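Comments concern the structure below.
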Amino acid sequence: MAHKIILDTDPGIDDAMAIFFAFQSPDIEVLGLTTVYGNVPVTMAAQNALTLCEIAGKDIPVTKGVGMPWVGPESTYAHFVHGDYGFGHIKPEAPKTELDPRSSAQFIVDMARKYPGEVTLVAIGPLGNLALALRLEPELPKLVKGVTIMGGAAFVRGNVTPLAEANIWNDAYAAEIVFGADWDLTMFGLDVTNDTPFSPSFVETLEEKNAKLGGFVKDTAQFYMDFYSANREDRVCFFHDAFPLAHLRHPELFELTEGHVRVGTGELDRGQTAVAPKGTTPSPLWNNANTIKVATKVDHAKLEQLFIDTYAL
Ligand code: BDR
Ligand code: CA
């Protein structure tokens with residue numbers, strides 16, 4: 001049976017690549033795209049999600065969600081990574097389709113109630129929509145099958161600060177709520193995504209296999225590659241957001257470890273996802289904290305082949 005998912009997203013170039021990967025996956029049913037601010041403001045994220053659905057010919061609900069962090073001022077966004085409109089050098093035409101009128105959080109709650117025990121929430125942006133959904137429906141952890149996120153840095157450096165990864169740093173208090181809820185959460189952070197660079201030939205192959213979807217990824221990824229290649233000899237980019245989706249379909253490609261997690265909300269440790277594997281600390285601050293699963297290793301060659309084969313379908 002296909003995995004029913006809600007993809008919570010802030011498109012974004014690697015979001016686009018991940019969304020198309022989900023659409024192309026025969027064993028994934030995307031119930032809807034719920035958008036959130038992050039790489040771009042939420043209004044742009046929502047329009048971009050509609051654009052991606054139109055390109056892929058997918059008629060599914062797209063919702064607009066939270067536009068601000070749980071605590072603190074409006075975000076500064078990541079146009080320097082994803083371009084002025086979130087798609088590199090490309091300025092998309094205004095989509096013709098319309099948003100579902102519900103908020104992202106309400107849509108998550110509605111789907112969880114409609115398909116109890118069946119829905120996996122796949123979050124590839126900041127976690128405000130999931131935190132709000134938990135407030136709207138405190139029974140949400142019992143209603144969903146699980147939560148899988150791209151975000152965090154457990155045993156490696158961050159990418160916004162030395163400690164924090166962008167999605168968690170962007171809404172640390174929301175992340176604290178989501179990591180603290182009583183559900184089965186698996187985290188795909190920089191531990192695996194930054195360890196897996198993709199070369200220009202990868203996006204060229206995606207285009208060869210799928211002119212429309214792969215071609216869009218290749219075109220938008222040029223700007224993204226400029227950013228990622230600025231301080232290194234080789235030309236690369238990182239498709240962070242597709243990792244939790246690949247795991248859903250092929251868990252055997254990944255190694256996971258389990259540990260107690262805390263999210264930093266202070267000035268210096270904002271957005272840090274510190275993970276203490278079980279039995280490694282005497283502190284109750286950690287031992288009483290929730291446990292999550294964290295991806296620590298991935299088979300790069302097989303992952304890349306999975307993306308290529310799926311785009312080719
Ligand atoms: C994450 O931040 C965003 O720039 C990407 O879309 C990804 O979700 C990587 O840190
Ligand atoms: Ca993202």
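The values are calculated or read from the model by the stated rules, or taken from the named source; none is laboratory data. Values in this document were obtained by computation on a predicted structure and should not be read as measured data. Methodologically, a virtual Cβ is constructed for each residue, glycine included, from the backbone with ideal geometry; neighbour enumeration extends over all protein chains shown. For accessibility, only protein heavy atoms count, side chains too; no ligands or nucleic acids. Shrake-Rupley method; radii C 1.70, N 1.55, O 1.52, S 1.80 Å.
Pairing residues of the range 218-229 that are part of a helix (DSSP H, G or I) with residues that are among the acidic types (Asp, Glu) and open to solvent by 40 Å² or more (accessible area, probe 1.4 Å), at Cβ distances under 9 Å and at least 6 apart in sequence or on separate chains, gives LYS218/GLU204; LYS218/GLU207; ASP219/GLU207.
Those helices (runs of 4 or more DSSP H) of the range 1-112 in which at least 1 residues are more than 16 Å from ligand 2 (Cβ to nearest atom), considering only elements entirely within it, cover 13-24, 42-56. Within the range 173-198, restricting attention to residues that are part of a loop (DSSP other than H, G, I, E, B) and open to solvent by 50 Å² or more (accessible area, probe 1.4 Å), the residue that is nearest to PRO138 (Cα to Cα) is ASP182. The set of residues from the range 208-217 being within 16 Å of ligand 1 (Cβ to nearest atom) and either more than 30 Å from GLY67 (Cβ to Cβ) or part of a loop (DSSP other than H, G, I, E, B) (or both) is empty. Selection over the range 160-170 of residues that are open to solvent by 20 Å² or more (accessible area, probe 1.4 Å) and either more than 12 Å from ligand 2 (Cβ to nearest atom) or in a strand (DSSP E or B) (or both) gives a count of 5. Just one of the listed residues (GLY32, GLY57) is more than 16 Å from ligand 1 (Cβ to nearest atom) and in contact with a Pro (Cβ under 6 Å, 6 or more places away or on another chain), and it is GLY32. For the range 15-39, a residue qualifies if it is open to solvent by 10 Å² or more (accessible area, probe 1.4 Å) and either within 11 Å of the chain's Cα centre (by Cα) or among the polar types (S, T, N, Q) (or both), and the qualifying residues are GLN24, ASN39. Select from the range 263-281 the residues that are without any contact (Cβ under 8 Å) to a residue 40 or more places away in the chain and in a strand (DSSP E or B) and write down the one among them that is most open to solvent (accessible area, probe 1.4 Å). The selected residue is PRO277. The set of residues in the range 49-77 being open to solvent by 20 Å² or more (accessible area, probe 1.4 Å), of a type in the set (A, V, I, L, M, F, W, C) and more than 17 Å from ASP219 (Cβ to Cβ) consists of ILE60, VAL66, MET68, TRP70, VAL71. The one condition from (1) buried (at least 21 other Cβ atoms within 10 Å of the Cβ); (2) more than 16 Å from ligand 1 (Cβ to nearest atom) that THR205 does not meet is (1). Would you call THR148 more than 16 Å from ligand 2 (Cβ to nearest atom) and either among the hydroxyl-bearing types (Ser, Thr, Tyr) or in a strand (DSSP E or B) (or both)? It is false that THR148 is more than 16 Å from ligand 2 (Cβ to nearest atom) and either among the hydroxyl-bearing types (Ser, Thr, Tyr) or in a strand (DSSP E or B) (or both). So is THR97 open to solvent by 60 Å² or more (accessible area, probe 1.4 Å) and among the hydroxyl-bearing types (Ser, Thr, Tyr) or not? Yes: the conditions hold for THR97.
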